[in-house]
Amino acid sequence: MYLFYEEDGGFKAGRIMAEAEASLQVEADSGKRSKIKRANALFTFESPEPAALLAQAQALAQTVDLPFLWECAPQEEFDAPALAQDYFGHAPSAVEKAGLILALHGAPVYFHRRGRGRYRPAPPDVLAAALAALEKKRLAAEQQQRWVDEMAAGRLPDEIAAAAESLLVRPDKNALTWKALEAACAQLQKSPERLLLELGAFPHALAVHKRRFLATHFPRGTGFAPVKLPAVGQDLPLADVQAYSVDDITTTEIDDALSVAMLPEGRIRVGVHVAAPALAVTRDSELDKLARARMSTVYMPGDKIPMQPDEVIQAFSLDAGRPVPALSLYVTADPQSGEIFASETRVERIVVQQNLRHNELDDQVTEAALADPQAPLPLAGWLRPLWQLAQALSAQRDLVRGKPENNSRVEYSFYLDGDPDDPETPVRLVPRQRNAPLDRMVAEYMILANRQWGALLDECGVPGIYRSQQAGRVRMSTQALPHEAIGVPQYAWTTSPLRRYVDLVNQRQLLAAAEHGVSARLAAPYKPRDADLFAIIGAFDAQYAAWAEFQSSLERYWCLRWLRQQGVTRTAAHVLREDLVRLACAPLVTRVAGLPEMERGQEITLDILGMDELALTLECRWAP
């Protein structure tokens, strides 16, 4: 005797080996024996063999006319074997009973299961809705397959093209367009961005990189609505200084300038003047919300996305020839020893004499010219004392660090001679030494300001945002901790408030310290243990990293374009570690497959075989 029974959501058949009051022992064709509860036993039969019964029943189930069966079935619950007799018109065989049960169980749209072997027809309205849903699903599947076939054939469906950007950035995994793209990618063994690029959804790889970034971080666009600035700073005293700024030719947000005055006994007074947008961009104001949403200016070759509206930049940028509000640090120092005798912070207006540019001065301002009082040097009375003190300050930091600072690496400036959105735009890579005198001089005074102003906040008990490094770990916090790599007891970003939100926050605190002194902690916008400062640190770290990653990817893209434009097929490179090398002609790091073990810094020759502007990879081989 055999048993047809239900187990684990499916139907099986086997030979009855033993029976008890509540269960049966059944042996399957495989020889495995199972204990089956009587509640799961549907019916017994003598023939055919269990395997044959299941095969014939499954074939019979496929022939059952479900709509007709639904019409014939009782409207209340019914027993499947009883319906089998009505459906077949005679006492059903074991195969017919099993076949009908399989048909009922496999059609949940038409019949709802109500227990072992018992079913109930779906109500007409429920059935109609379910059938409509099945038809909709069928049509969707057909549409999806048509799109997949089109993409496999190299054609881009209009619907996929219209949703291309969202498919890369925030795809709706339940949308038909995404399912079709995913299926096409799986079939063609390509990533979504590569397939969309090849199909023409984007004109070139540059558009993929930029539009993906903008859609992710600037879904409403990069522009600002017109803003109105409050009238601030007009009544500030005008400083009697000869100040100059030094920046790259492309810089439009002039954050800082320097002045110097000669004093008796060989001392000098140096002024570090920083733009003061915090006078207008106050905490929680509408302007503050705009700046906080971006946290930093986004830089990329040939273009940028400013942190603040043009109205703010135009009002506070230290452009030459006009009085502009500034937060100034004045230090009185011995230029030979670097000893600082006095430090003072003022809120005032300054007039920058000239906005100097590196590309105009770097060739003239050399260490030899700075050291020789008789050598021709533009702005010698401004440059030489500043350079002398900068050298002394750098030497002091080297003593703290325990080693001289390594500034020998060549850096590159990217210049695009045309539309930054056009990959055919000529790109120029201009090398610059990090240890160029002007660079080192300006950097030294920015470090001085960040150190001195960090100390001022700490002395006044005013919380600020500091950047520290201890035991090799760089972190941002509200505590004035040492920065071991720079060699200073504390370091607070304060000199770029037009383009970095942390500097803007610190400047608000510095304005309070400059005005109120030791009582500043009561008047400062941010009080000790203000939770908002910790929120700013967390948001800034994440956003700043995203901006830096985007800048790095676009610089890598334009490096590849430069290699292509210059027709470079062979170049020198220097080994960094293992198979990682840096090109000698461009700021590009790449891996070289099969490169043997070499010393760090060893120069090698590479043959460039190809490049992938989407993946931002360079294919090259070692040419021994």
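The values are calculated or read from the model by the stated rules, or taken from the named source; none is laboratory data. Worth saying up front: this structure is predicted, and the values here are computed from it rather than measured. Heads up, the Cβs are rebuilt from the backbone with ideal geometry, glycines too, and the neighbour counts pull from every protein chain shown. Quick note on the areas: whole protein, heavy atoms, side chains included, nothing else; ligands and nucleic acids left out. Shrake-Rupley method; radii C 1.70, N 1.55, O 1.52, S 1.80 Å.
Per-residue Karplus couplings for the range 125-141, computed as 6.51 cos²θ - 1.76 cosθ + 1.60 with θ equal to phi - 60°, are listed in order as 5, 5, 5, 4, 5, 5, 5, 5, 5, 5, 5, 5, 5, 5, 5, 5, 4 Hz, Gly and Pro entered as x. Hey, any idea what % of the range 411-518's accessible area is carbon plus sulfur with a 1.4 Å probe? Looking at the range 411-518 in its full context, I get 45 percent from C and S. Heavy-atom accessible area with a 1.4 Å probe sorts TYR412, TYR2, largest first, into TYR412, TYR2. What do you get for the angle between helix 501-516 and the principal long axis of the chain? Use alpha-carbon atoms, 0 to 90 degrees, nearest ten. That works out to roughly 40 degrees. Most tightly packed first, judged by the mean number of other beta-carbon atoms within 10 Å of their residues, the peptides 361-369, 299-307, 98-106 read 98-106, 299-307, 361-369.
Between the helical axis of 50-63 and the longest alpha-carbon principal axis of the chain there is an angle of about 80 degrees. Rolling a 1.4 Å probe over the protein heavy atoms leaves LEU290 with an accessible area of roughly 60 Å².
In terms of its C-alpha gyration tensor, the chain comes out prolate, because a/c is 1.5 or above and the ratio a/b outweighs b/c. Of the residues ILE536, ILE608, ranked by 1.4 Å probe accessible area with the largest first, the sequence reads ILE608, ILE536. Taking all protein chains into account, the per residue accessible area for the range 308-463 stands at 45 Å² (1.4 Å probe). Computed over protein heavy atoms with a 1.4 Å probe, the accessible surface of the range 150-246 works out to 55 Å² per residue. For LYS137, the accessible surface of its heavy atoms amounts to roughly 150 Å² (probe 1.4 Å, protein chains only, rounded to the nearest 10).
Residue pairs exceeding 23 angstrom between C-alpha atoms, taken from LYS12/LYS97; LYS137/LYS190; LYS12/LYS35; LYS37/LYS97: LYS137/LYS190. When both the range 444-496 and the range 213-242 are represented by their alpha-carbon centers, they are found 26 Å apart. At a Förster radius of 45 Å, what calculated FRET efficiency corresponds to the Cβ-Cβ distance of ALA320 and ARG475, to the nearest 0.05? Using R0 = 45 Å, I get an efficiency of 0.75.
Below 8 Å between Cα atoms, with a sequence gap of 6+, how large is the relative contact order for the chain in percent?
Result for the chain is 9 percent.
Straight-line cross-link reach from LYS304 at under 30 Å between alpha-carbon atoms covers these lysines, not counting any fewer than eight positions away in the same chain: LYS210, LYS228, LYS289. The listed residues GLU27, GLU159, GLU6, once ranked by accessible area (1.4 Å probe) with the largest placed first, stand as GLU159, GLU27, GLU6.
Taking a straight Cα-Cα cut-off under 18 Å and skipping sequence neighbours fewer than 8 places away in the same chain, the aspartates and glutamates within cross-link reach of LYS32 are GLU6, GLU7, ASP8, GLU19, GLU49. Amide H contacts under 5 Å for GLU619: LEU609, GLY610, MET611, ASP612, restricted to partners 5 or more places along the chain or on a different chain, H placed in the peptide plane at 1.01 Å from N. For the chain, the residue among GLY99, ALA584, GLY338 whose Cα projects farthest onto the positive side of the dipole built from Cβ charges is GLY99.
Relative to the longest principal axis of the C-alpha atoms of the chain, give the angle of the C-alpha long axis of helix 205-217, reported between 0 and 90° and rounded to the nearest 10°. The angle comes out near 90 degrees. Straight Cα distances below 16 angstrom link LYS173 to the aspartates and glutamates GLU159, GLU165, GLU182, GLU193, with same-chain residues fewer than 8 positions distant left out. Note on the chain: helix-only mean residue ellipticity at 222 nm, from DSSP H runs of 4+ residues weighted -39500 (n - 2.57) and normalised by residue number, equals -12000 deg cm²/dmol.
Positive contributions from Lys and Arg (+1) and negative ones from Asp and Glu (-1), summed over other residues with Cβ under 15 Å from the Cβ of GLN75, come out at -3.
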